[in-house]
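Enquirer: Have a look at the structure that comes next, please.
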Amino acid sequence: MSSFKKILFFNLLIILLVSNNYVFAHQGHSCSHDYDDQIKKTQRMLNEYFKQNPINYPEDELDRNLGAQTIQPIRITTDFTRLSYQSGGPAITADQIKYLTSVSTTVVNFVSNFIKVQPNPSNNVFDPSQTDGTCITVTPSASDKTTGIPNSDLHLYFIFNSDSKAGYLANAGFCNLQQTATYLRPNFGRVLFNIANMKNSGTNLEQYQDDVMVTLHEVIHVLGFSYDAMQNWYNKATNQLLGQTAANQFITSLKVRGIQTNLLGSPNVLAVAKKYYGCSTLQGMQLENQGGSGSINSHWERTVIRSEIMTASALTEGLNLTFFTVALLKDTGYWDDVNESLTDPIYWGKGKGCDFFLNACQSASQYEEFVPANQAACSFWDDGQGVGSNSDPFGDGCNVVQIYSNRLCSDIANQSYQNDPASFNSDTSNDFSYNSKCFASTVYSPNAAVTGYLNENLRCHFYQCSPDKTSITITFSQIPNTQIVCGASDQGNQKNVVYNSKTLGQVTCPSNIPRICDDQQCANFCTYNGICIRGLCLCNSGFGGVDCSQKCSGFIQQDGSCVPSCPNGTYGNPDNVCRATCPNGTYPDNNSSLCKQCDFSCSQCQGPSNTQCKACQFLTYLNNGSCVTTCPNGQYADETSKSCQNCPDGCTGCTSYTACTGCKSGYQQNSGQCISTNCTSPCATCTSTQTNCLSCTQNLYLQPTNTCNSSCPSGYFKNSQNMTCSACSTGCKVCSDANTCTQCDSSNGYRLQGSSCTLCVSPCATCSLSNPNTCLSCENSMYLFNNSCVANCQTGYFNGPNYTCSQCITGCDQCSNGNSCTTCSANYQAYTYKNVQICINSSSCFSPCSTCSGTFQPTTCASCNQGFYMQGTTCVAQCGSGFYGNQQNQKCTQCPTNCQACSDSSTCTSCSNSYYLSQSSCVQTCPQGQTGDNNQICVTINTKSFAERNYFAILILLLLITLSF
């Protein structure tokens, strides 16, 4: 009996302690989406509201409105007012406010290019009756609930906390749904940052880009990526909420790798998963099966799609937005179109079948995604050097390469990491930069102080991809004029690095060059002013350049000048740079000289219509300029060309050019082909002349002369898609396919460049169509400057990304990048700002200063920008203790006596020591009937009974009495 009493005591004691200290912990910096009970509660309230207030529009009105709807980029409005010190809340600095605002603005800019909707026909009004009156603890203003926000389809509130004990970076969700006759979607949402873990405030470029992706992850939760929100997804067919019953039908529960796992089988997600993994029997895409309620089910399963943005935590190597998340957003029913062209490529587990999807690292097959424990290796994307480990709390116990933070190749700060010895990086020719990758390498510097490092067989080296992504060039900062070129035939092979006739080691060419080239970082990670998509910056308004570092309200020419519009023949790209070409997902518009978005169904196009596509998205195929999910009768979906191709003559249908499913009259089926009974072998089909072939029997190729042969003539290659001899590209005499030439027509001026033929005069890699000497890009690691190729850039420019000469920032005479200076121009002086050396002139003045006092004093403010206040000679967003921001003169004005904080000259919000807040004043003694609490606020004296006030003490006393029996 005494044992039972002890167990009872300790159990009750645990309950007592937990009720007083309910702390949630996470391993690593993760997302806590459904962890916040308020988010779950909000989804339940929304569902209950629409049950009681069902959408009710007559069918004729639905049909009429659906036929007239137009869609446009989503308009997102923001409220950052709560990113400031709140009475009783945690402290936040002006730099943190500025940083979080910048990160959020970058994400909002991206989403406005990512989502299209039917525009809200009126102001965006918060409906408090849908919830408890709040937006997940945020109380909207009276204006938000009545007048509403103009020109807004989605309004976001941004708030923060500071909880170092919690493992999450942020959480978010939507809190209101807007309904019309033709759509239902979230129109208000809340994003919370945990600044105890989200610590960067503008000192690390790569971390900024990582924080942009974390914030985008949270906004995608607002857009509907949430297990608890599924019941509130929109069924367009019925114009009703999906409901819990229908949502449950999308979910299949399955034990995989010994863990019970939910699979999401909504239509687009299921189709993408089946095709991506190459497993037709899949029932859905795996949702996260580990972690707490903040992670499980509301994210993709990390083990099978490791770096996807909607997995449950941040990764050292960064995250990728992919078509998996696009598919889910389409399945919510909320959004009229989602731009797949703004997603990143993904390779993890691609095409590896049902076995990888179900068994992963537990398979009898060894997949390259997983490595033995403690084995040193480059990461899957070759982002850095690491070791096999199962430390990922969301990895189902699988060993993957966990990158050492000081060996992340893209982090330039690692170049100056204090290794032992200090010369380690220069000895081993390790180069850390946004254009560096991890290679199996034993290369040493010719001037190495030490060469005998044991077990150091990995290096970070500079690399540059060829335009067609079939080869890479590897260079070394410590070994001048030396490079290694790896082509398709070199993959997996070692190459010697030779300098001055001395071999300095070997580099192993990567086994998957296209994968490396599909994962290129942006120059300087877009310099706090944009988001990196497929190696190209999407710059925020007012900024431009390959790294978004130049302030420019218009567009930037190749020489670095800012112009109001791009000159004829060039087009404003997403980074606001004028170029002769446009990136995938856009087309050159001659009227505006802009790269404009294709219809979202196209991945490439020649105009804005959905009938002007040149290439299609992951699930669709090109057919006469349109993208279709199913090819017409008599055609098949060809995965290589991503287009609908005609079945051979004689086939009524086919699954490939060599696999007919039925034959027309006068043909008979033979080994998957339909052979004409009227033709002479080896013709499978023919014209009225029996020997004039239109197609050939198996393994033979149709010649240009309409005969059949096992080989093709010069200037043609064996096309296995349609079993014909197809012509090589222009200028090519010998080729292995349409994109790979091995011999060019030199008699007509063509020369071999990589795997294609060009008329461009060396060293031009690409050139103007009208002048082969006018370079648009360079070969042999030379740099483009004013349409010419140079070995090194001239004064005032630096050897920039993509082998272009990029202009130094204003005042720089010499620089090594677009953010800092090594020497300054005349009338400029060197100045260290945020640990970076720049150049300033006598009138330089840095924001948030509006004007500065003195010369060469850019941070000594004389007046402040809007929203900032003068405190001494500094401009701050939040005045210090004992001061308030005076709106009239934009200065920090002292609070009334004994006030620690105040909102104006007569309203205290907190008090100094030994004083208590009573209404808006600070008093030493509270009024009669009140007492000062722990927060130094006068409160009404508690009238609860002795038992109510001392509940926990009584409970412990009773427990002790129980033990005494």
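Enquirer: In terms of Cα to Cα distance under 18 Å, which aspartates and glutamates are near enough to residue 502, apart from those fewer than 8 places away along the same chain?
Expert: Cross-link targets: 427.
Enquirer: In the chain, if the dipole is taken from +1 on Lys/Arg beta carbons and -1 on Asp/Glu beta carbons about the Cα centre, which of 272, 52, 97 is farthest to the positive end?
Expert: Looking along the dipole axis, the top candidate is 52.
Enquirer: Under 4.7 Å Cβ to Cβ, no partner at all: give me those cysteines from the chain, in residue order.
Expert: 31
Enquirer: Note the angle between two axes, namely the Cα long axis of helix 94-114 and the longest principal axis of the Cα atoms of the chain, as a number of degrees from 0 to 90, rounded to the nearest 10.
Expert: That helix lies at roughly 40 degrees to the long axis.
Enquirer: Per DSSP H run of n ≥ 4, the term is -39500 (n - 2.57); total these for the chain, divide by its residue number, and report the mean residue ellipticity at 222 nm rounded to 500 deg cm²/dmol. Mind dumping the intermediate values first?
Expert: Details: 14 runs with 148 residues, N = 965.
Helices in the chain give a 222 nm mean residue ellipticity of -4500 deg cm²/dmol.
Enquirer: How do 798, 883 rank when sorted from fewest to most other Cβ atoms within 10 Å of their own Cβ? It would help to have the intermediate numbers written out before the result.
Expert: Details: 798 23, 883 19.
Ordered from fewest to most neighbouring Cβ atoms within 10 Å, 798, 883 come out as 883, 798.
Enquirer: Something else: How would you rank 387, 107, 761, going from fewest to most other Cβ atoms within 10 Å of each one's own Cβ?
Expert: Details: 387 18, 107 26, 761 15.
So the ranking, lowest neighbour count to highest, is 761, 387, 107.
Enquirer: Please compute one quarter of the surface area of the Cα convex hull for the chain and express it in square nanometres. Walk me through the numbers on the way to the answer.
Expert: Numbers: hull surface 210.7 nm².
Orientation-averaged projected area of the Cα hull: 52.7 nm².
Enquirer: Would you mind checking the tilt of helix 205-222 against the longest principal axis of the Cα atoms of the chain, expressed as 0 to 90 degrees and rounded to 10?
Expert: The helix 205-222 is inclined about 80 degrees to the chain.
Enquirer: If neighbour count is taken as other Cβ atoms inside 10 Å, put 782, 310 in order from fewest to most.
Expert: Numbers: 782 20, 310 24.
Ascending number of Cβ neighbours within 10 Å: 782, 310.
Enquirer: Continuing with the same structure: Among the GluC sites (Glu not before Pro) within segment 321-426, which fall in a DSSP loop and have no more than 16 other Cβ atoms within 10 Å of their own Cβ? Intermediate results must be reported in sequence, preceding the final value.
Expert: Details: sites: 340, 368, 369; in loops: 368, 369.
Loop-located and lightly packed - 368.
Enquirer: So, one more: Considering the options 499, 316, 445, tell which one lies farthest towards the positive end of the dipole of the chain, charges being +1 on Lys and Arg and -1 on Asp and Glu at the Cβ, about the Cα centre.
Expert: Result: 316.
Enquirer: Per residue of segment 342-358, what does 6.51 cos²θ - 1.76 cosθ + 1.60 with θ = phi - 60° give for ³J(HN,Hα)? Whole Hz please, x for Gly and Pro, Karplus curve as stated.
Expert: 9, 9, 9, x, 9, 10, 4, x, 4, x, 9, x, 5, 4, 4, 4, 8
Enquirer: Where the only charges are on Cβ atoms (+1 Lys, Arg; -1 Asp, Glu), what is the dipole of the chain about its Cα centre, to the nearest 20 debye?
Expert: 420
Enquirer: Separate question: Gap in Å between the Cα centre of segment 450-525 and the Cα centre of segment 101-160?
Expert: Their Cα centres are 48 Å away from one another.
Enquirer: Here's something else I'd like to know. How tilted is helix 951-964 with respect to the longest principal axis of the chain? Cα atoms for both, answer in degrees (0 to 90, nearest 10).
Expert: For helix 951-964, the angle is close to 90 degrees.
Enquirer: Using θ = phi - 60° and the Karplus relation 6.51 cos²θ - 1.76 cosθ + 1.60, list the HN-Hα couplings for segment 532-542 in order, rounded to whole Hz, with x at every Gly or Pro.
Expert: Values per residue, Gly and Pro as x: 8, 10, 6, x, 10, 6, 9, 7, 6, 4, x Hz.
Enquirer: Kirkwood hydrodynamic radius, computed over distinct alpha-carbon pairs, for segment 411-517: how many Å, to one decimal? Show your work: numbers first, answer last.
Expert: Numbers: mean 1/r = 0.0712 Å⁻¹.
By the Kirkwood definition, the hydrodynamic radius is 14.0 Å.
Rule-based calculations on the coordinates, nothing more; no lab input. Model, not experiment: these values are computed from the prediction. Glycine also receives a Cβ, built like all others from the backbone with ideal geometry; neighbour counts cover every protein chain displayed.
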